[in-house]
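In what follows, a structure is listed as structure tokens, so that the remarks can point back to it.
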Amino acid sequence: MDPGHVAYGLRAQYGMFIDPDTVVAWERGRLLPTEQELTALAGVLWCAPAELIAAATTMREHRLARALSAEELARRVGVAAHAYQRMEDEGRWRGTERQTATLAEVLGLGPRALITATGGDAGLAELLRDAATTRWQAYVKPAVKMVPLPKRTVESALQRLHTDYHARMAATSSWGASGATGDEGRAYLEEITGHFWAAVGQ
């Protein structure tokens, strides 16, 4: 179907007056369709909304990929609909531990996808940098609270990050490392979340 056919289908089947240029902008990622537009577009193209989302990363995208309304997801998770909508709009989840576990279950999210979808990437990166550069043992409890993984898995990963970071810093500060600046250690910290997920097998 060319963009004109898609625009016609949206108008004829759903009463949405979308011009072909907007359809092209959706295809090229310059514009994002609203929730209603995405659902209608999936209907016109005879597919599920999930097939139109390349790689869901936000709570909204994961919810739409599972064809759930915000109200339905809020009900299933045990959050007031207006509170859930506000968290989704802000990209920052503030549910309880039980609600978070239910959210992950309903949306089919593993630990890494859950952290990203709920806006926790920056906070996790900061915690991991602190654990790698100082006493990692002090960060086990906050990390376990943030990441839904067993304590032993988190402990092992934090210890590995700490060891790997300090090995890089020791190499750059050794007597034989002329002109060493610690760039390797800084580069390691910049990719700290990737190293963490690799360490826990995610």
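Restricting attention to the range 91-125, the residues being surrounded by 16 or more Cβ atoms within 10 Å (Cβ to Cβ), of a type outside the set (A, V, I, L, M, F, W, C) and within 13 Å of G78 (Cα to Cα) number 4.
Being assigned to a helix (DSSP H, G or I) and surrounded by 17 or more Cβ atoms within 10 Å (Cβ to Cβ) is the filter here, so list the residues in the range 71-86 that pass it. Break it down into steps so the answer makes sense when it comes.
As a first pass, look at the range 71-86 and keep what is assigned to a helix (DSSP H, G or I): 71-77, 81-86.
Hits for the range 71-86 are L73, A74, V77, Y84.
Screening the range 87-164 for helices (runs of 4 or more DSSP H) wholly inside it with 2 or more residues that are more than 16 Å from I192 (Cα to Cα) returns the ranges 97-107, 111-117, 140-146. Within the range 1-37, the residues that satisfy the criterion of being out of contact with any helix residue (DSSP H, G or I) (no Cβ under 6 Å at 6 or more places or on another chain), at pLDDT below 85, within 22 Å of S69 (Cβ to Cβ) and not in a helix (DSSP H, G or I) are L32, T34. For residues that are in a loop (DSSP other than H, G, I, E, B) and more than 17 Å from Y14 (Cα to Cα), tally how many sit in the range 38-66. The total comes to 7.
Being out of contact with any strand residue (DSSP E or B) (no Cβ under 6 Å at 6 or more places or on another chain), surrounded by 13 or more Cβ atoms within 10 Å (Cβ to Cβ) and closer than 24 Å to L114 by Cα: is that true of M16 here? Can you show your working first?
Numbers: out of contact with any strand residue (DSSP E or B) (no Cβ under 6 Å at 6 or more places or on another chain): yes; surrounded by 13 or more Cβ atoms within 10 Å (Cβ to Cβ): yes; closer than 24 Å to L114 by Cα: no.
Considered against the rule, which asks whether it is out of contact with any strand residue (DSSP E or B) (no Cβ under 6 Å at 6 or more places or on another chain), surrounded by 13 or more Cβ atoms within 10 Å (Cβ to Cβ) and closer than 24 Å to L114 by Cα, M16 comes out as no.
Out of all the residues in the range 66-92, which are within 30 Å of R28 (Cβ to Cβ) and free of Cβ contacts under 8 Å to residues at least 40 places away in the same chain? Passing the criteria: A67, L68, S69, A70, L73, Q85, M87, E88, D89, E90, G91, R92.
The values are calculated or read from the model by the stated rules, or taken from the named source; none is laboratory data. If you're wondering where the values come from, they're calculated on a predicted model, not measured in any experiment. Glycine also receives a Cβ, built like all others from the backbone with ideal geometry; neighbour counts cover every protein chain displayed.
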